[in-house]
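The values are calculated or read from the model by the stated rules, or taken from the named source; none is laboratory data. The model shown is predicted, which means the values in this text are computed figures rather than measured ones. All Cβ positions, even for glycine, are placed from backbone atoms using ideal geometry, and neighbour counts span all protein chains on display. SASA here: full protein model, heavy atoms, side chains in, ligands and nucleic acids out. Shrake-Rupley method; radii C 1.70, N 1.55, O 1.52, S 1.80 Å.
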Amino acid sequence: MTAGASAGHRPLRRRRSVLPGFGLTLGFTLAYLSLIVLLPLAALLLRAGGLGWSGIVGVLDSPRVAHALWLSFGGALAAAAINAVFGSLIAWTFVRYEFPGKRLFQAMVDLPFALPTAVAGIALTSLYAPNGWLGRPLAALGVEIAYTPLGVVLAMTFVGLPFVVRTLEPVLEEAEAQFEEAAATLGATRWQTITRIIVPSVLPALLTGTALAFARAVGEYGSIIFIAGNLPGVSEIAPLLIMIRLEEFDYAGATVIAAAMLGLSFLVLLAINLLQHWSRRRGADTFEDFPMKRVSILRLTGVLMMSFAAGQAAAAGLLNVSYDVARGLYQDINRAFVEDYRRSGGETVKVDQSHGGSGKQARAVIDGLAADVVTMNSPLDIDVIADAGLLPKTWADAFPQRSSPSWSTIVFVVRKGNPLRIADWPDLTRADVKAVLPNPKTSGNGRYSYLAAWHYARSQPGATDETAIAFEKALFRNVPVLDIGGRDATTTFAHRGIGDVLLTFESEAKVIGTTFGADRFEIVYPSVSVRADNPVAVVEKNAARKGSTALAEAYLTFHYGKAAQTIFAEHGLRPVDPEVAAAHAAAFPPIRTFTVEEAFGGWPAAQAAHFASGAGFDRIIAEARK
């Protein structure tokens, strides 16, 4: 073979990569994506698929679920459309013009990135609530933002704006102004310059920013729950409904809703990515040739806004703002009240519910959530509403039993057989015992547990405040987790298997037995505990304005009747009606209790001494964690 032939048939060599290590980096990339993204998503889909099609349809075939998904996705699309328009204008202004304070305004655009979502929600609520700086003049014009679907869209717009602005800015900076000047020189109008020169060059980036804003908005939770009001069928978003299902221990239902959100999000983002791909390939085409030219973003946004407003207008009737774990209870009470009211000659009425942490719900009412009645698990939360002037400070005298138609008490839940022989409060301070209870600063359940332990220690012979403090320190040294709420603490203990004993309301302890199996847990009643009343009140200022005072009073009076008292007992709450209490005596063992008024001089005094910033609990937990 000649040298020439040999050279002509030299085997081809693979070109070496400029950046070595492709195989290794690709392996790390796939492994990382699998661990962080693919495996969790696969687990979610497998958990949902385990229900079968009938089970999945059974969860999703609900008006409440359908509305929550519609609000989350419709609201996110509306917010993304708004940000696409105004974010483009903001980015254009930042890139093409110099003006005093420009750097300050650019920094302000990034605030949604820096602010914790809860802080953003509180700030928006303070501004747009009916008594807020912007909400008051808007309310005078008949426009309500907070506690409506419009408030949901507002929060979604707030968190999504930076994505559009920051995605467009570098593209606009690279687009040379000379092309626009040349178009003008050749006689192009401003509209032609925008649609034929500017839009085609920035369209892929605009779609990317819009997709990111949509993705951020559809999964938003923290900023929305403060401004939404969380009314089922009105302003309840899908992420909140997932949390509700988890708090109801309906893990399968929560998984199905989450999987539905995942699937819908994937379809929307896929459609946007396909449009991105099309726009890149058609880079020289005009905006008039865009396939969706007949769908104006502003018209689409307007349609969504009008549909949200229609949903808002359709929501009418009595609004009961209540605490977090009372959803099932009030489903039954409301159903019974509506039927009783209709039978007694009244019209057919509707009772809407809003549920959340008791303290957060009280703040929402103060900020303008138009509650006709409040039903809480602590008098302190109604006192706060009274201090804001929405109802009389003598509200507790309006109904029997100091306006508390039911009550509960703090008990111990231990694992079956009580292996550590936990019997009373001193056992919680033993070195071999781990106790689970929610944070007293964020939970009524936690506050009652703390006060019950304090009163026990302070009531012992020769006890002083110093010995009570030492007792609390020993208790909280044994607490491995301080959850935010009572239902969170239940999940930690019963579902995750953390701790030896759970301090919780008797009603919640009964739910644990029903949900997780009575063969796994048992209830221990200590020698003394605190009486935890569940107070109710008419929010007189709101009810008078809405003309619902008589209906609100009838609703709360119904709480004291035999039907509602029986429902309380069936949900693990101790009724105040003697006959109903006697009929259910077997379900409620006798226990010696004290009230916060008797032991601490009332809730305001207890709050100031133990739960205010820098007060007793703060000092105790700081010492206990050393």
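Of all residues in the range 235-259, those satisfying the criterion of being modelled with pLDDT of 80 or more, closer than 28 Å to Ala129 by Cα and open to solvent by 10 Å² or more (accessible area, probe 1.4 Å) are Pro239, Leu240, Ile242.
Could you check, for the range 542-553, whether at least one of its residues is touching a residue at least 60 places away in the same chain (Cβ under 8 Å), on the phi > 0 side of the Ramachandran plot and in contact with a helix residue (DSSP H, G or I) (Cβ under 8 Å, 6 or more places away or on another chain)? No.
Against the condition touching a residue at least 60 places away in the same chain (Cβ under 8 Å), in contact with a Lys or Arg (Cβ under 7 Å, 6 or more places away or on another chain), closer than 29 Å to Pro590 by Cα and not small (Gly, Ala, Ser), how does Thr375 come out, does it pass? Steps first, please.
Working: touching a residue at least 60 places away in the same chain (Cβ under 8 Å): yes; in contact with a Lys or Arg (Cβ under 7 Å, 6 or more places away or on another chain): no; closer than 29 Å to Pro590 by Cα: yes; not small (Gly, Ala, Ser): yes.
Answer is no for this residue.
Just one of the listed residues (Ser443, Ser459) is small (Gly, Ala, Ser) and closer than 26 Å to His571 by Cβ, namely Ser443.
Kindly check whether there is at least one residue in the range 311-325 that is at positive phi and in contact with a Leu (Cβ under 9 Å, 6 or more places away or on another chain).
Within the range 311-325 (the criterion being at positive phi and in contact with a Leu (Cβ under 9 Å, 6 or more places away or on another chain)), the answer is yes, since at least one residue qualifies.
Quick check, is Thr157 in contact (Cβ under 8 Å) with a residue 40 or more places away in the chain, closer than 15 Å to Ser72 by Cα, part of a helix (DSSP H, G or I) and open to solvent by 10 Å² or more (accessible area, probe 1.4 Å)? Spelling it out, Thr157 is indeed in contact (Cβ under 8 Å) with a residue 40 or more places away in the chain, closer than 15 Å to Ser72 by Cα, part of a helix (DSSP H, G or I) and open to solvent by 10 Å² or more (accessible area, probe 1.4 Å).
If the condition is being open to solvent by 50 Å² or more (accessible area, probe 1.4 Å), part of a helix (DSSP H, G or I) and touching a Phe, Trp or Tyr at 6+ places or on another chain (Cβ under 9 Å), then the range 466-514 contributes Ile469, His495.
Can you name the residue in the range 270-298 that is among the small types (Gly, Ala, Ser) and at pLDDT below 75 and, of all such residues, is surrounded by the most Cβ atoms within 10 Å (Cβ to Cβ)?
Result: Ser279.
Take Ser443 and tell me if it is hydroxyl-bearing (Ser, Thr, Tyr) and closer than 19 Å to Glu598 by Cα.
no
Only one entry in Leu231, Leu262, Leu267 is closer than 30 Å to Gly58 by Cβ, at pLDDT below 75 and open to solvent by 10 Å² or more (accessible area, probe 1.4 Å), namely Leu231. Of all residues in the range 319-337, those being assigned to a helix (DSSP H, G or I) and modelled with pLDDT under 90 number 5.
Counting the residues of the range 338-377 that are part of a helix (DSSP H, G or I) and out of contact with any Pro (no Cβ under 9 Å at 6 or more places or on another chain) gives 15.
Filtering Glu553, Glu508 for residues that are within 18 Å of Leu246 (Cα to Cα), modelled with pLDDT of 90 or more and touching a strand residue (DSSP E or B) at 6+ places or on another chain (Cβ under 9 Å) leaves a single hit, Glu508.
Taking the numbered list (1) open to solvent by less than 70 Å² (accessible area, probe 1.4 Å); (2) touching a residue at least 12 places away in the same chain (Cβ under 8 Å) in turn, Arg592 passes all entries but (1). Of all the criteria given as (1) closer than 17 Å to Thr148 by Cβ; (2) surrounded by fewer than 24 Cβ atoms within 10 Å (Cβ to Cβ), the one not satisfied by Leu369 is (2). Restricting the search to the range 422-453, which residues are within 15 Å of Thr409 (Cα to Cα) and part of a helix (DSSP H, G or I)? Listed by number, the residues that qualify are Trp425, Gly444, Asn445, Gly446, Arg447, Tyr448, Ser449, Tyr450, Leu451, Ala452, Ala453. Look at the range 50-75: where a residue is farther than 12 Å from Ala259 by Cβ and a partner is charged (D, E, K, R) and not in a helix (DSSP H, G or I), sitting 6+ places away or on another chain with Cβ atoms under 7 Å, you get Ala68/Glu236. Scanning the range 521-575 for residues that are open to solvent by 40 Å² or more (accessible area, probe 1.4 Å), small (Gly, Ala, Ser) and not in a helix (DSSP H, G or I) yields Ser527, Gly547.
Taken over the range 113-137, the residue count meeting the criterion of being modelled with pLDDT under 90 and open to solvent by 20 Å² or more (accessible area, probe 1.4 Å) is 16.
Among the residues of this structure, Asp387 does not count as one that is acidic (Asp, Glu), open to solvent by 20 Å² or more (accessible area, probe 1.4 Å) and under 19 Å from the mean Cα position of the chain (by Cα). Out of all the residues in the range 99-112, which are open to solvent by 60 Å² or more (accessible area, probe 1.4 Å) and either more than 17 Å from Val165 (Cβ to Cβ) or among the basic types (Lys, Arg) (or both)? Within the range 99-112, Pro100, Arg103 qualify.
Listed by position, the helices (runs of 4 or more DSSP H) enclosed by the range 20-91 that each have at least 1 residues that are open to solvent by less than 30 Å² (accessible area, probe 1.4 Å) are 39-49, 52-60. Scan the range 402-409 and tell me whether some residue there is over 19 Å from His610 (Cβ atoms), basic (Lys, Arg), open to solvent by 10 Å² or more (accessible area, probe 1.4 Å) and assigned to a helix (DSSP H, G or I). Scanning the range 402-409 turns up at least one residue that is over 19 Å from His610 (Cβ atoms), basic (Lys, Arg), open to solvent by 10 Å² or more (accessible area, probe 1.4 Å) and assigned to a helix (DSSP H, G or I).
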